[in-house]
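Working notes, structure below.
Each value in this text was obtained by applying a stated rule to the coordinates, not by laboratory testing. Owing to the predicted nature of the structure, the values given are computational and were not obtained by experimental measurement. Neighbour counts are summed over all protein chains in view; Cβ atoms, including those assigned to glycine, are modelled from backbone coordinates with ideal geometry.
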Amino acid sequence: MPSSLVIANWKMHGDRAFAEAFFSALDLTGVAADVAICPPFPYLSLVAGRVEQAGFGQLALGAQSVCAEEGGAFTGEVSADMLVDCGVRYVIVGHSERRSLYGETSELVARKFAAVKKAGLVPVLCVGETLEEREAGRTLEVISGQLQAVADCLGVEAWRGAVVAYEPVWAIGTGKTAAPEQAQEVHRFIRERLGEAGGDTPLLYGGSVKSGNAEALFTQQDIDGALVGGASLDAKEFVSICRAAG
Ligand code: 13P
């Protein structure tokens, strides 16, 4: 059984004062799930310090993106080794906002995934369909293609030590959550597609997760946790989601 995991994706929100206030209010006492916080790059070191000070054994630092290259003349980019140096453990790759707003292809996402693994970190691969794709009955085909790009790059061993997050694009930041059964159906499909490693790979759901819907999602057999955007900006709300996960 994969362990439960809840990841906060702060996206491009917050500042130093926000991070300080968030950690003052973060109380993970009694939470069994693993938890990670992904702040914007400039606050990684600050949050690394707060994660350490907080003293919760299950709490780790994550990053929202990474460069596929190891280092060199790539202005504005951040390498996986730099993330290691900052104390990062999890790295989100292939978030739909990176795919749609910054033109990241599944091939580039696969190279980023490989860079994260090479650095010894845990990639959190985001997959998901748009509303148009869902309505055209192409959900599983789209997700299959996004997974296959990584498998083509690294083989089936890719999934060992990785996390996959199903984030239907139409549910992100819209307040529309996938129905638990709808999400479960896709999670089951993903689990099967991962082959042997699938049984140990945490599968997270993302898209308008909040304390009010978390429990119904987490009771589904193949939903092991959540990737949380908006609701992760409120420490108390985020902790409620973590508690629902275990
Ligand atoms: P929301 O929780 O704001 O819908 O965002 C989901 C997401 O994109 C997490 O990566």
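Under 17 Å from the Cα of K118, which aspartates and glutamates turn up, not counting those fewer than eight places away in the same chain?
E69, E70, D81, D85, E107, D152, E157
At 0.36 nm per residue, minus the direct Cα-Cα distance, what do E196 and F74 gain on full extension? Give it in nm, one decimal, please.
That works out to 40.3 nm of additional length.
So if each residue of separation counts as 0.36 nm, and I subtract the Cα-Cα distance between E185 and R138, what length gain in nm does that give?
Once the chain is fully extended between E185 and R138, it gains 15.5 nm.
Under a plain spin-label model, where a point goes 7 Å from the Cα along Cα-to-Cβ, how far apart in nm are M1 and A32?
0.7
How high is the relative contact order of region 1-91? Use alpha-carbon pairs under 8 Å, at least six apart in sequence, and give a whole percent.
28
Output the peptides 199-206, 225-232 sorted from most to least packed, where packing is the average of other Cβ atoms within 10 Å over each peptide's residues.
For the peptides 199-206, 225-232, the packing ranking is 225-232, 199-206.
Show me the three semi-axes of the equivalent ellipsoid for region 64-146, from the C-alpha gyration tensor (sqrt of 5 times each eigenvalue), largest first, rounded to whole Å.
Semi-axes (√(5λ), whole Å): 27, 13, 10.
Counting other C-beta atoms within 10 Å, which of T130, T219 has the fewest, and how do the rest follow?
The order, fewest Cβ neighbours first, is T219, T130.
State, to one decimal in nm, how far the label point of Q53 lies from the label point of V84, with both points 7 Å from Cα in the Cβ direction.
According to this spin-label approximation, the distance is 2.8 nm.
What Kirkwood hydrodynamic radius do you get for region 176-235 when you take the inverse of the mean 1/r over all pairs of distinct Cα atoms, in Å?
One decimal place: 11.9 Å for the Kirkwood radius.
Please compute the alpha carbon radius of gyration of the chain, then divide it by the globular-protein estimate 2.2 N^0.38 Å. Two decimals is fine.
Against the empirical 2.2 N^0.38 Å value, I get 0.93 for the chain.
Using the structure shown, list the pairs from K11/K236; K176/K210; K117/K176; K11/K176; K11/K112 with a Cα-Cα distance above 22 Å, or answer none.
Violating the 22 Å Cα-Cα cut-off are K117/K176.
Would you mind checking region 183-220 for residues with the amide N under 18 Å from a putative spin-label position 7 Å along Cα→C-beta of T130?
In region 183-220, the label zone of T130 (backbone N under 18 Å from the point 7 Å along Cα→Cβ) covers no residue.
Per 10 Å bin, what is the whole-percent P(r) computed from every C-alpha pair distance within region 1-137?
Computed distribution, short to long bins: 11, 39, 33, 14, 2.
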